[in-house]
Amino acid sequence: MIILNLLTTQIIKSLKVKQDSLIRQVQSYSEIEKSAKYVDKRVSYYKKILSQRESMSPRLDFILSNTDESIYIKDARYSLSSFSIFAEGPNAYTFTNLISKYLSGGVVSEISIKGARLNTRTGMFEVDMEGRFK
Amino acid sequence: MKEKFNLVVSNLKRVLSNSDLSYKIYMVFAILTFILIGVFGIVPSSKVFIANIKLAIDMNKSNSMLSSKLVELKKVEGDLKAVEDSIFFLENYLPEQFNVQDYIVDFVFSSGETDFSIDRVTPVKEAGDVINLAIVFVGNGNPVELVNILESLNRVTEIQDLKVSQNEGYTTLSMLVKTFIMEKQ
């Protein structure tokens with residue numbers, strides 16, 4: 001039994017020596033491990049931002065591409081959820097057509113006309129409208 | 001005292017001279033000795049041996065883990081060296097610090113591809129890793145094209161609010177842009 005104990009003690013000593021050496025080697029890589037974790041975290045964060053970002057351009061493209069050439073948008077404001085437009089056109093029909101296009105395109109959920117008037121000086125219809133994106 | 005001792009010895013000799021009885025006594029002694037050695041010698045030694053074996057197994061396991069960790073770290077070191085150049089791009093796409101000039105350079109290049117130019121850039125609010133910028137572009141280009149280019153920048157740019165107005169043949173685009181940084185912890 002004493003011999004067996006001596007033998008296992010020797011084995012443990014040699015394992016301890018190996019362990020100390022491994023720990024020293026692993027510790028020498030601590031900075032590398034730290035920077036690798038940081039890079040990984042940064043890449044994950046970047047990917048998360050990319051996947052979550054909402055794009056304004058399809059909304060803007062929809063509004064502008066569906067606007068007839070005879071309609072001149074003087075002022076417009078767009079957010080990711082809504083838009084407001086102040087535009088002038090030759091007659092009321094062009095605006096009816098415009099609203100119809102907006103609502104049937106699957107991008108806009110609602111439109112409300114805030115104001116409409118005929119500019120007697122220019123002979124053009126001026127419409128102030130707001131809408132919400134789906 | 002000496003007499004008492006001699007009496008005990010002579011009694012003992014007399015008892016042991018009986019071979020049957022002495023055999024039984026020796027047997028009892030032998031059994032007692034065996035039990036004593038077992039309890040106070042072999043059992044503790046066995047316990048030490050079992051503990052040593054358990055310790056050796058645990059140490060072997062942890063050494064294996066450390067060895068695989070070392071292999072993994074060597075691989076990570078190699079991977080990091082391989083992507084060293086890409087880390088530079090990551091710094092551009094998701095900087096650690098907000099430098100307004102870097103953003104202006106990006107926006108100038110982007111607007112240069114359309115017929116717009118930057119009128120002004122104002123940092124609005126910093127909240128943690130999110131930076132908001134108010135930017136005004138002036139020109140005659142296509143607003144959709146400019147917005148598309150800005151939103152396609154590798155440096156993540158989200159247009160939160162956009163105001164388009166026409167003045168004397170020029171289009172003015174005022175936008176609130178959200179960008180991101182990642183502060184080093």
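Can you pull out every residue in the range B:38-73 that is touching a Phe, Trp or Tyr at 6+ places or on another chain (Cβ under 8 Å) and more than 7 Å from every other protein chain (Cβ to nearest Cβ)?
Scanning the range B:38-73 gives no hits.
Among the residues that make up the range B:100-107, is at least one of them within 7 Å of chain A (Cβ to nearest Cβ) and in a helix (DSSP H, G or I)?
Checked against the condition, which is being within 7 Å of chain A (Cβ to nearest Cβ) and in a helix (DSSP H, G or I), the range B:100-107 yields no hits at all.
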**Request:** Pull up the range A:24-68, narrow it to residues that are of a type in the set (Lys, Arg) and within 22 Å of B:Glu84 (Cα to Cα), then point me to the one that is surrounded by the most Cβ atoms within 10 Å (Cβ to Cβ).
**Result:** A:Arg42
**Message:** List the helices (runs of 4 or more DSSP H) inside the range A:2-65, counting only whole elements, that have at least 2 residues being among the aromatic types (Phe, Trp, Tyr) and facing chain B (nearest Cβ under 9 Å).
**Reply:** A:30-52
**Request:** Within the range A:102-122, identify whether any single residue is part of a strand (DSSP E or B), touching a Lys or Arg at 6+ places or on another chain (Cβ under 6 Å) and not charged (D, E, K, R), and answer yes or no.
**Result:** yes
**Fill in**
Taking the range A:79-96 and the residues there that are touching a helix residue (DSSP H, G or I) at 6+ places or on another chain (Cβ under 8 Å) and over 18 Å from B:Asn167 (Cβ atoms), the one that is surrounded by the fewest Cβ atoms within 10 Å (Cβ to Cβ) would be A:Leu80
**Prompt:** Can you name the condition, by its number, that B:Arg155 falls short on among (1) open to solvent by less than 40 Å² (accessible area, probe 1.4 Å); (2) closer than 18 Å to A:Lys74 by Cβ; (3) of a type outside the set (A, V, I, L, M); (4) more than 8 Å from chain A (Cβ to nearest Cβ)?
**Reply:** (2)
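The values are calculated or read from the model by the stated rules, or taken from the named source; none is laboratory data. This one's a predicted model, so the numbers in the text were calculated from it and none came from an experiment. Heads up, the Cβs are rebuilt from the backbone with ideal geometry, glycines too, and the neighbour counts pull from every protein chain shown. SASA here: full protein model, heavy atoms, side chains in, ligands and nucleic acids out. Shrake-Rupley method; radii C 1.70, N 1.55, O 1.52, S 1.80 Å.
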